[in-house]
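The values are calculated or read from the model by the stated rules, or taken from the named source; none is laboratory data. Everything numeric here is computed off the predicted structure, so don't read it as measured data. In this analysis, Cβ positions are derived from the backbone assuming ideal geometry, glycine residues included, and neighbour counts consider all displayed protein chains.
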Amino acid sequence: MRIAVVGKYMSLKESYKSLLEALVHGGIANEAKVELDCIEAEQLEQEAADIVLKNVDGILIPGGFGDRGSEGKIAAIRYAREKGIPFFGICLGMQMAVVEFARNVCGLERANSTEFDLQTPHPVIHLMEEQKAIESKGGTMRLGAYPCVLQNDTVASKLYGRERISERHRHRFEFNNSYRAEFGAKGMVLSGLSPDSNLVEIIELKGHPWFLGCQFHPEFKSRPMDSHPLFRGFIEAASQYRKAVREVPRMKVVRT
């Protein structure tokens, strides 16, 4: 199957080494060969998504910083959401999925992350409260392992097989809780929360075959013979998509 990784540093493959390897691990777990299309996000700001992504079976948006290529990532996410293609967003990838949903499902014009637009009328992603007083960047972000509580009957809870997990983080921005109710009414599921329920760690979409974004970096815990549950599930969904959409059943020949 073919997986598109749409990012900002695709010409520098080592920047995504752990992530690309984790996709291969997901293939091993599903006994499937994974072919990777590494696509510069800026390409999707110049070319239509249905041309650039027409042959892929899954779309992944990785983490990163800075607004270069952000609109291209949003275009890729919209394509995955509208076409029912399995989607996996990691860290910034999850945040861009929130922005795309805000603009194109909730109708929140010019919704954005305050990392990219301080004047946005709808800051659906904003700086974490404890980060606002920090001036020296360095290692001051939310960094390291943090617990997460999974909500029942979600894709995440089924893949992990337990209620409480721990994952590794590296970020300063988060989902703006002021938009929880509005997003929920439109079909976004907040399937993973911090133990105090204050931070959104995982999002999903109702009615979509497989659409999941996580604030953490699951690729850091994936191994060749022990694929991370989210990568295993993503590749499984991509495989099912390929079988359903791209592989035309052979006509059965009846001999008389």
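Tabulated values for the structure
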read-out	value
Flag if Ser18 is out of contact with any Pro (no Cβ under 8 Å at 6 or more places or on another chain), closer than 30 Å to Pro224 by Cβ and among the hydroxyl-bearing types (Ser, Thr, Tyr)	yes
Residue tally, condition free of Cβ contacts under 8 Å to residues at least 40 places away in the same chain and either farther than 28 Å from Glu115 by Cα or surrounded by 12 or more Cβ atoms within 10 Å (Cβ to Cβ) (or both), over the stretch 159-180	6
Output for the stretch 198-240, where each listed residue is in contact with a strand residue (DSSP E or B) (Cβ under 8 Å, 6 or more places away or on another chain) and in a loop (DSSP other than H, G, I, E, B)	Leu199, Lys206, His208, Trp210, Gln215, Phe216, His217
Verdict on Ile165 being within 17 Å of Pro218 (Cα to Cα), aliphatic (A, V, I, L, M), assigned to a strand (DSSP E or B) and modelled with pLDDT of 90 or more	yes
From Met188, Met141, residue being of a type outside the set (D, E, K, R), modelled with pLDDT of 95 or more and more than 27 Å from Asp226 (Cα to Cα)	Met188
The stretch 151-191: number of residues that are of a type in the set (Lys, Arg) and within 27 Å of Phe65 (Cα to Cα)	4
Single residue of Glu115, Glu100 found to be modelled with pLDDT under 95 and crowded, with 18+ Cβ neighbours inside 10 Å	Glu115
Any hit, the stretch 28-39, residues being β-branched (Val, Ile, Thr), in contact with a Leu (Cβ under 6 Å, 6 or more places away or on another chain) and touching a residue at least 24 places away in the same chain (Cβ under 8 Å)	yes
Count of the stretch 1-16 residues which are touching an Asp or Glu at 6+ places or on another chain (Cβ under 9 Å) and in a loop (DSSP other than H, G, I, E, B)	5
Selection within the stretch 72-98 - more than 20 Å from Arg172 (Cα to Cα) and not hydrophobic (A, V, I, L, M, F, W, C)	Gly72, Arg78, Tyr79, Arg81, Glu82, Lys83, Gly84, Pro86
Residues located in the stretch 1-16, provided they are modelled with pLDDT of 95 or more and under 14 Å from the mean Cα position of the chain (by Cα)	Ile3, Ala4, Val5, Val6
Filter pass, Arg110 being touching a strand residue (DSSP E or B) at 6+ places or on another chain (Cβ under 8 Å), more than 19 Å from Glu219 (Cβ to Cβ), surrounded by fewer than 23 Cβ atoms within 10 Å (Cβ to Cβ) and at pLDDT 95 or above	no
All positions within the stretch 39-65 that are within 20 Å of His217 (Cβ to Cβ) and touching a Phe, Trp or Tyr at 6+ places or on another chain (Cβ under 8 Å)	Gly58, Ile59, Leu60, Ile61, Pro62, Gly64
